[in-house]
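In what follows, a single structure is set out as structure tokens and then discussed.
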Amino acid sequence: MDFNEKFIEPIGYSQAAEYLLDMVKSEVFVQMDGFISGVFNAKQLEEWVSEDDVNGILFWFCNTGSTRKPILAIQKIREAYQNNPAWLSGLTPNRPPVHGRGLRIVKDLIKKDYSSQASKADILNDIQNEPPINPQNFEYVGSRNVNNMRNQFRSNFSSHVNYPFAYFSTKYGKGSPYFKQFFAQGEITHIRYYLGYSNVEYFSGQRIRIILAPCKPDGSNLKKEDCSVEHIEKFNEVMLLQYSWPPST
């Protein structure tokens, strides 16, 4: 795997707020009508990342119909990440081990009404104090539908993404896989995602980034006081996962 490690390492709420602030300042936020967040049940994802033959989780960016409101489709994948254009361009929603009802669509989308004058402090306060929510289960969807929806997203946001997906490694991490550390930090039953934006030149052409935040059983975001002592001793704050891979090639 070939990447710059600092762009995939876990982050805290403060760094997440910076990425969200950059999203609010971008034209993408308006085009997406503020729908840059959502919540889903964590059980399926936790099961996938624990499977020995699974190397990654693919999050497909999707659009449907005439709307640019983003939808995420999620699947597991056996293949380890390869940083070469042929492999990246060849990824499709029907890659193994997806069979039958393997693809999931996140149903609970959340609109963020941040004003153009929002500050990092405003956004940080918001994401640290998300209200409880009881998310629905995933909706199963066929690979052909996801393929059409991801192509539509790529067409709508071609100047912001070269590839309409983010690949999260289930094996990579310092000490142990980051996903394993993520689920071990507290009682996590749901995951809230955010779509941030990166102005770092390193990500030219692949600026929309997914951020995953852990949620408690009531659907609100995990706070430092909810984390295990062992986790705080190691990480010192709530761990959020980020990924903007692949970048421009």
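In region 178-187 there is at least one residue matching the filter, namely being surrounded by 14 or more Cβ atoms within 10 Å (Cβ to Cβ) and small (Gly, Ala, Ser). When region 199-238 is filtered for residues that are touching a His at 6+ places or on another chain (Cβ under 9 Å), modelled with pLDDT under 95, buried (at least 20 other Cβ atoms within 10 Å of the Cβ) and assigned to a loop (DSSP other than H, G, I, E, B), only ARG207 remains. Evaluate region 57-69: report whether one residue or more is modelled with pLDDT of 90 or more and surrounded by fewer than 16 Cβ atoms within 10 Å (Cβ to Cβ). No: region 57-69 contains no residue that is modelled with pLDDT of 90 or more and surrounded by fewer than 16 Cβ atoms within 10 Å (Cβ to Cβ). Take the residues in region 123-148 that are of a type in the set (D, E, K, R) and surrounded by fewer than 15 Cβ atoms within 10 Å (Cβ to Cβ), then tell me which one is nearest to the chain's Cα centre (by Cα). Only one residue tops the list, namely GLU139.
Taken over region 176-198, residues that are assigned to a loop (DSSP other than H, G, I, E, B) and not aliphatic (A, V, I, L, M) amount to 7. Taken over region 197-218, residues that are under 20 Å from ALA184 (Cβ atoms) and under 17 Å from the mean Cα position of the chain (by Cα) amount to 5. Against the definition (loosely packed, with under 14 Cβ neighbours inside 10 Å and part of a helix (DSSP H, G or I)), how does ASN151 come out, yes or no? So ASN151 passes the test. Of ILE77, ILE8, all but one fail to be in contact with a Phe, Trp or Tyr (Cβ under 6 Å, 6 or more places away or on another chain) and over 17 Å from PHE157 (Cβ atoms); the exception is ILE8. Residues in region 33-63 that are in contact with a Phe, Trp or Tyr (Cβ under 9 Å, 6 or more places away or on another chain) and farther than 21 Å from LEU91 by Cα: 11 in all.
All conditions in (1) more than 23 Å from ALA42 (Cβ to Cβ); (2) modelled with pLDDT of 90 or more; (3) surrounded by 19 or more Cβ atoms within 10 Å (Cβ to Cβ) hold for LYS112, with the sole exception of (1). Of the residues making up region 141-156, just one is modelled with pLDDT of 90 or more and in contact with a helix residue (DSSP H, G or I) (Cβ under 9 Å, 6 or more places away or on another chain), namely ASN156.
Taking the criterion of being surrounded by 13 or more Cβ atoms within 10 Å (Cβ to Cβ) and within 17 Å of ASN162 (Cα to Cα), the residues of region 72-86 that qualify are LEU72, TYR81, GLN82, ASN83.
The values are calculated or read from the model by the stated rules, or taken from the named source; none is laboratory data. As the structure is a computational prediction, the values presented were derived from the model and not from experiment. Note: ideal-geometry Cβ built from the backbone for every residue, glycine included; neighbour counts use all protein chains shown.
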